[in-house]
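**Student:** So that we are looking at the same thing, I have put the structure below in structure tokens.
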Amino acid sequence: MTQDPRESGVRELPTEEDLTRAGLRLAVEGAVARITISRPERRNAMTGRTWTTMAHIGQTLPSDVRIVVIAGEGDIFSAGIDLNMFTPQGVDGERSIVAGLAEGKTDAAELDAYIAGLQEGFLWLRRPDLVTIAAVRGHAIGAGFQLALSCDLRILAEDAKFCMKEPALGLVPDLTGTKPLVDIVGVHRATEICLTARKVGAEESRELGLATLVVGVDELDGAVDDAIAGLLAVDPDAAVATKALLQQAVGNTLEEQCAAERKAQAGRLTALVESMVPKG
């Protein structure tokens, strides 16, 4: 379950120093926040600090932010996890989970808590008060693919390629990506994609439903801006209620979903009527 940011003790956005150390850039302009993965020297590979800082962003975004766009710097979304995380030396300035396991200093409960903390960097992107967009150029590998899967919309440049690399490295996808992948393409196709670790190009992604839209490389920024404009044109409270309703639908029976629709609509009608009543 995604943590409500209002319940967090964190109240300020990460500093520029925090963001730089995490390999991120953040720009907040009114209702739109843009997060850029910025480690071009490592092909935008991500580390534990990347994901815990993303969780920090999610906990502290201004309440008027409605849209979050995630992109990679340059011509690649992300090469996935920085493989140095799996060495005893780890990544500079970060805990080496491999060293802890090798030395017998990390038990199962600590490992579970560690991975859960990393997953928080992905879970908040599903919040109903936000619409999240992955703007994907080039490769989105492993954790990069899972980050794109965490978003509501995936707008792909025609050079985009998804790859779930973890099984080929002797690991499993553990950053919240398995459920949306299965929800979108089904368990059999998801099994094939993961266990072959093959690259899924932009056109196939569109055919499978992994891509909301595929555009030319030079058209990606404009397509994202068009999507933002369309999303912001919708009543914000109705957007939140609708996304929450859609998120329930997968697990609900038809009768349960009908009841949820009635409840949500009653809330919207009540709010609309109240907005018509003169104040004072």
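**Student:** Of everything in the range 60-97, what is of a type in the set (A, V, I, L, M, F, W, C) and under 30 Å from Ala241 (Cα atoms)? Give them in sequence order.
**Tutor:** Start the filter on the range 60-97 by keeping residues that are of a type in the set (A, V, I, L, M, F, W, C), which leaves 61, 65, 67-71, 76-77, 79, 81, 83, 85-86, 91, 97.
Matches in the range 60-97: Leu61, Val65, Ile67, Val68, Val69, Ile70, Ala71.
**Student:** For the range 190-277, list the helices (runs of 4 or more DSSP H) that sit wholly inside it and hold at least 2 residues that are more than 30 Å from Lys165 (Cα to Cα) and under 19 Å from the mean Cα position of the chain (by Cα); which are they? Quick ask: steps written out before the conclusion?
**Tutor:** Details: elements: 202-208, 220-232, 236-249, 254-276.
Per the criteria, 220-232, 236-249.
**Student:** Scanning the range 242-280 for residues that are surrounded by 12 or more Cβ atoms within 10 Å (Cβ to Cβ) and in contact (Cβ under 8 Å) with a residue 60 or more places away in the chain, which turns out farthest from Asp152 (Cα to Cα)?
**Tutor:** The selected residue is Ala244.
**Student:** To continue, here is another question. How many residues does the range 133-175 hold that are among the β-branched types (Val, Ile, Thr), more than 18 Å from Ser38 (Cβ to Cβ) and buried (at least 21 other Cβ atoms within 10 Å of the Cβ)? Before you say what the answer is, go through the steps one by one.
**Tutor:** Just the residues of the range 133-175 that are among the β-branched types (Val, Ile, Thr), to begin with: 133, 136, 141, 155, 172.
Among the residues that remain, those that are also more than 18 Å from Ser38 (Cβ to Cβ) are: 155, 172.
Then keep just the ones that are buried (at least 21 other Cβ atoms within 10 Å of the Cβ); that gives 155.
Matching residues across the range 133-175 total 1.
**Student:** Are any residues in the range 65-90 of a type in the set (Ser, Thr, Tyr) and either part of a loop (DSSP other than H, G, I, E, B) or not assigned by TED's automatic domain parsing to the domain that holds Pro173 (or both), and if so, which ones?
**Tutor:** Step one: of the range 65-90, the residues of a type in the set (Ser, Thr, Tyr) are 78, 87.
Residue satisfying the conditions is Thr87 alone.
**Student:** For Cys163, all conditions in the list (1) more than 27 Å from Val215 (Cα to Cα); (2) in contact with a Gly (Cβ under 8 Å, 6 or more places away or on another chain) hold save one; what is the number of the exception?
**Tutor:** All conditions pass for Cys163, except number (1).
**Student:** OK, next. Being in contact with a Ser or Thr (Cβ under 7 Å, 6 or more places away or on another chain), within 23 Å of Leu171 (Cα to Cα) and modelled with pLDDT under 95 is true for just one of Glu94, Glu103. Which residue is that?
**Tutor:** On the way: Glu103 fails: in contact with a Ser or Thr (Cβ under 7 Å, 6 or more places away or on another chain).
Result of the check over Glu94, Glu103: Glu94.
**Student:** Right, next: Go over the candidates Asp159, Asp174, Asp183, Asp152 one by one and state the one that is in contact (Cβ under 8 Å) with a residue 40 or more places away in the chain, closer than 16 Å to Val69 by Cα and either acidic (Asp, Glu) or in contact with a His (Cβ under 8 Å, 6 or more places away or on another chain) (or both).
**Tutor:** Asp152
**Student:** For residues that are assigned to a helix (DSSP H, G or I) and out of contact with any helix residue (DSSP H, G or I) (no Cβ under 8 Å at 6 or more places or on another chain), scanning just the range 19-49, find the one that is surrounded by the most Cβ atoms within 10 Å (Cβ to Cβ).
**Tutor:** Start the filter on the range 19-49 by keeping residues that are assigned to a helix (DSSP H, G or I), which leaves 19-22, 40-42, 48-49.
When the remaining residues are screened for being out of contact with any helix residue (DSSP H, G or I) (no Cβ under 8 Å at 6 or more places or on another chain), the result is 20, 40-42.
Details: Thr20: 13, Pro40: 13, Glu41: 8, Arg42: 16.
Looking at the filtered set, the residue picked out is Arg42.
**Student:** Then there's this: Does Ala190 meet the test of being of a type in the set (Gly, Ala, Ser), over 26 Å from Gly74 (Cβ atoms) and surrounded by 21 or more Cβ atoms within 10 Å (Cβ to Cβ)?
**Tutor:** So Ala190 passes the test.
**Student:** Then there is this: Out of Val65, Val69, Val28, report the one residue that is over 22 Å from Tyr114 (Cα atoms) and over 16 Å from the mean Cα position of the chain (by Cα). Explain how you work it out, then say what you get.
**Tutor:** Numbers: Val65 fails: over 16 Å from the mean Cα position of the chain (by Cα); Val69 fails: over 16 Å from the mean Cα position of the chain (by Cα).
None of the other options fit; the residue is Val28.
**Student:** Related question: Looking for whichever is part of a helix (DSSP H, G or I) and touching a residue at least 60 places away in the same chain (Cβ under 8 Å) here; the options are Gly93, Gly144, Gly100. Which one fits?
**Tutor:** Details: Gly93 fails: part of a helix (DSSP H, G or I); Gly100 fails: touching a residue at least 60 places away in the same chain (Cβ under 8 Å).
Residue meeting the stated conditions: Gly144.
The values are calculated or read from the model by the stated rules, or taken from the named source; none is laboratory data. All figures in this text were calculated on a predicted structure; none of them were measured in a lab. A quick note on method: Cβ atoms are made from the backbone with ideal geometry, for glycine too, and the neighbour counts reach across all protein chains shown.
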